[in-house]
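The structure under discussion appears below in the form of structure tokens.
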2 protein chains.
Amino acid sequence: MTEPKEAGRDPETLSRFVEHFAAQLVEAGLPRMPARVFAALLASDTGTLTSAELGEQLRISPAAVSGAVRYLSQVHMLSREREPGSRRERYRVHSDQWYEALTNREAVIKRWEDALREGITSLGPTTPAGRRLTETLAFFEFIEKDVAGMMERWRAHREERFGA
Amino acid sequence: MTEPKEAGRDPETLSRFVEHFAAQLVEAGLPRMPARVFAALLASDTGTLTSAELGEQLRISPAAVSGAVRYLSQVHMLSREREPGSRRERYRVHSDQWYEALTNREAVIKRWEDALREGITSLGPTTPAGRRLTETLAFFEFIEKDVAGMMERWRAHREERFGA
DNA sequence: CGCTTACTTCAGAAATTTGTGAAGTTAAGG
DNA sequence: CCTTAACTTCACAAATTTCTGAAGTAAGCG
């Protein structure tokens, strides 16, 4: 029988997926270490790993784990949990959380909008450039609102397909 | 009269907006030069500028303009036009085009999906990790479809507000 | 057909980012 | 308390990215 029931336990196979998926995230703009840490968590059985486990699996220093984890928690792609009665920490991907993080470029969009409003004021709303900026601003305002609706549709869709 | 009717013509004011907006784009992951070039085009009266105009306004070398423009046209945020009977080129932002580019992470999403499918197969669809990946994949598939709908709603919204 | 202008490519200098080891901080356990 | 384990911070070396000047290519014009 050549079909391995324990495919998921083969560290080689696991590593291949982790590195491959991380590479895609990197291409999309995520820094390398955060991408690798995130991919490792996503592919873990429980969705949680300790700092030591991450360091060992990815062959990186504790400092690198620390940096990656700080980055990921700042952008809300991961949460930190303290194991009760221990100073070991567990890091967890929570699906809901990171779907939101991914679409929730809200802070980013907000700053774009602010910059655009400033531009419209300073260049003059009736100038050709001002008009172009006004329409661009309208686009972002529309997107911002519509994405919220999209996430609700997703939640409904998921519940139907996977159960609450 | 202290109110300048020609606010948009003041190069200082223009430059301030360009650099500020470009900075936001950089924070969102766009390389610096492409961001600056794009912002300059967005804030130009006609929505088009020549290579020389860009170089002068942003104080960058022809080589930098060339690189930035190549980048932007590859990600469809800009189109190149040849001035008839001249070897001068004009670069243009076309709103429709770049709205699409912004939301059209289609190629990126497609590669994420591929990586996830591979992971599901190799780790096994019934393992805990496999199930997590399956749901993640479903999320992307949903998003991909819904974004298309969002862009149609935007077009309708824009037509209503700004006219076709 | 050759001159000139407009853009592109390329090698390399400069700036920035990344990841490490080492030192520092905090808190559990004896 | 003192020790030690778990993480964090920091300075710096290494790798990567960015932008420039210089050389190259191509197309309009005489």
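Just so it is clear, none of the values below were taken in a lab; they were calculated from the coordinates. Since we're looking at a predicted model, the values are computed, not measured. Here the Cβ positions follow ideal geometry from the backbone for every residue, glycine too, while neighbour counts run over all protein chains shown.
A few points about this structure:
- Relative to the longest principal axis of the Cα atoms of chain A, helix A:32-42 runs at roughly 60 degrees.
- Distance from the Cα centroid of the stretch B:55-124 to that of the stretch A:63-85 is 33 Å (rounded to whole angstrom).
- Computed FRET value (nearest 0.05) for A:ARG32 with A:THR121, which takes r as the C-beta separation and R₀ as 51 Å: 0.80
- P(r), alpha carbons of the stretch A:7-94 - 5 Å bins starting at zero, rounded %: 3, 15, 26, 28, 18, 7, 2, 0
- With respect to chain A, whose longest principal axis is taken over its alpha-carbon atoms, helix A:106-123 is tilted by about 20°.
- Proximal charge balance of A:GLN24 [Cβ under 11 Å; K/R count +1, D/E count -1]: -3
- 7 Å along Cα→Cβ, label-point gaps from B:GLY163 to other copies, nm, shortest first: 5.7
- B from A by rotation - nearest chain A beta carbon to the axis, in Å: A:GLY29, 2
- Principal-axis tilt of helix B:11-27 within chain B, Cα atoms, nearest 10 degrees: 10 degrees
- Counting only Cβ charges, +1 for Lys and Arg and -1 for Asp and Glu, the dipole size of chain A around its Cα centre is about 360 debye.
- Position A:GLU118, label points 7 Å along Cα→Cβ, spacing to each other copy in nm (shortest first, one decimal): 4.2
- Whole-percent P(r), chain B, all Cα pairs, 10 Å bins from 0: 9, 27, 27, 21, 11, 5, 1, 0.
- Chain A: relative contact order in percent, alpha carbon pairs under 8 Å with at least 6 residues between: 13 percent
- Take the Cα of A:ASP114, step 7 Å toward its Cβ, do the same at A:MET151, and the gap between the two points is 2.0 nm.
- Paramagnetic label reach from A:GLU89 (point 7 Å along Cα→Cβ; backbone nitrogen cut-off under 18 Å): within the stretch A:32-52, residues A:33-42, A:47-52.
- Size-normalised alpha-carbon gyration radius of the protein assembly as shown, reference 2.2 N^0.38 Å: 1.17
- Site pair B:GLU81 and B:ALA138 shows an inter-label distance of 4.8 nm when each label is modelled 7 Å from Cα along Cα→Cβ.
- The other copies place their A:ASP96 label points at 4.1 nm from this one, listed shortest first, where each point is 7 Å from Cα along Cα→Cβ.
- Gaussian network model of chain B, springs between alpha carbon atoms under 10 Å - residue of B:ARG70, B:ARG59, B:ARG87 with greatest fluctuation: B:ARG87
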